[in-house]
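Report on the structure given below.
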Amino acid sequence: MTIINFTISVPTTGATDIVNISDEVDQCLSKARPAQGFIHLFVPGATAALTTLEYEQGAIADLQQAIERLAPRDMPYEHNRRWGDGNGYAHVRSALLGPGLTIPVVNGSMHLGTWQQIVLCDFDNHPRNREILVQIYAEA
């Protein structure tokens, strides 16, 4: 098995951004050109996550609202009491969705559903430049 590494940079605003990164991941895949294997994505940091979603305004709003219900921004968080940075909710949201995502590669293409896109969710309370590590595992 061969492992090929890439990094994708994504600027965010700090407002529970949900950013479609499918094209950037596909560009990495085009450069690596594996026939079979998988892609593993990982976003370092404790306030961002990766998942898949139909990337359209209704589904984006639904996910943002669901996340707000699960880990409300205005709830008291122990992290905020300890550090005073006001992003306790961002840490909880990130932990719920997780920092990694794995996608199979079949016949040289990501094996995603018709409407399924790869998204970065940045929950922090200030703008960031997120670096996403892309590892492509290809059959040797």
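The values are calculated or read from the model by the stated rules, or taken from the named source; none is laboratory data. No experiment lies behind these values; they were computed from the predicted model shown. Note: ideal-geometry Cβ built from the backbone for every residue, glycine included; neighbour counts use all protein chains shown.
Restricting to the range 98-119, count the residues that are among the hydrophobic types (A, V, I, L, M, F, W, C) and assigned to a loop (DSSP other than H, G, I, E, B). Full working, then the answer.
Start the filter on the range 98-119 by keeping residues that are among the hydrophobic types (A, V, I, L, M, F, W, C), which leaves 101, 103, 105-106, 110, 112, 115, 118-119.
Applying the additional criterion that residues be assigned to a loop (DSSP other than H, G, I, E, B) yields 112, 115.
Residues in the range 98-119 being among the hydrophobic types (A, V, I, L, M, F, W, C) and assigned to a loop (DSSP other than H, G, I, E, B): 2 in total.
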Residue ID - farthest from ALA15 (Cα to Cα), chosen from residues in the range 83-97 that are part of a loop (DSSP other than H, G, I, E, B) and of a type in the set (Gly, Ala, Ser): GLY84
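Hey, can you tell me all the residues within the range 113-133 that are of a type in the set (A, V, I, L, M, F, W, C) and touching a Pro at 6+ places or on another chain (Cβ under 9 Å)? It would help to see each step written out before you state the result.
If we filter the range 113-133 for residues that are of a type in the set (A, V, I, L, M, F, W, C), which is where we start, we get 115, 118-121, 123, 132-133.
ILE132, LEU133 - these are the residues of the range 113-133 that are of a type in the set (A, V, I, L, M, F, W, C) and touching a Pro at 6+ places or on another chain (Cβ under 9 Å).
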Selection status of GLY113, over 18 Å from ASP17 (Cβ atoms), at pLDDT 95 or above and not basic (Lys, Arg): yes
Test: residue in the range 49-59 that is of a type in the set (D, E, K, R), within 19 Å of LEU101 (Cα to Cα) and either assigned to a helix (DSSP H, G or I) or within 17 Å of the chain's Cα centre (by Cα) (or both): yes
Test: residue in the range 118-133 that is surrounded by 14 or more Cβ atoms within 10 Å (Cβ to Cβ) and more than 18 Å from THR12 (Cα to Cα): no
Residue in the range 6-24 that is at pLDDT 95 or above, in contact with a His (Cβ under 9 Å, 6 or more places away or on another chain) and not polar (S, T, N, Q) present: no
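Rundown of residues vs (1) buried (at least 16 other Cβ atoms within 10 Å of the Cβ); (2) of a type outside the set (A, V, I, L, M, F, W, C); (3) on the phi < 0 side of the Ramachandran plot, yes/no style:
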{"residue": "ASP62", "(1), (2), (3)": "no, yes, yes"}
{"residue": "PRO76", "(1), (2), (3)": "no, yes, yes"}
{"residue": "ALA95", "(1), (2), (3)": "no, no, yes"}
{"residue": "PRO99", "(1), (2), (3)": "yes, yes, yes"}
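When the range 11-44 is examined, which residues are found to be of a type in the set (Asp, Glu) and not in a strand (DSSP E or B)?
Of the residues in the range 11-44, the ones of a type in the set (Asp, Glu) are 17, 23-24, 26.
Within the range 11-44, ASP23, GLU24, ASP26 meet the criteria.
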Residue check for GLU24: surrounded by 16 or more Cβ atoms within 10 Å (Cβ to Cβ) and among the acidic types (Asp, Glu): yes
Residue within the range 44-51 that is of a type outside the set (Ser, Thr, Tyr) and farther than 26 Å from TYR137 by Cα present: no
Residue identified as surrounded by 17 or more Cβ atoms within 10 Å (Cβ to Cβ) and touching a residue at least 24 places away in the same chain (Cβ under 8 Å) among THR52, THR47: THR47
Condition broken by VAL106, with the remaining ones in (1) within 24 Å of HIS40 (Cβ to Cβ); (2) buried (at least 19 other Cβ atoms within 10 Å of the Cβ) satisfied: (2)
Test for ARG81: is it of a type in the set (D, E, K, R) and more than 12 Å from the chain's Cα centre (by Cα): yes
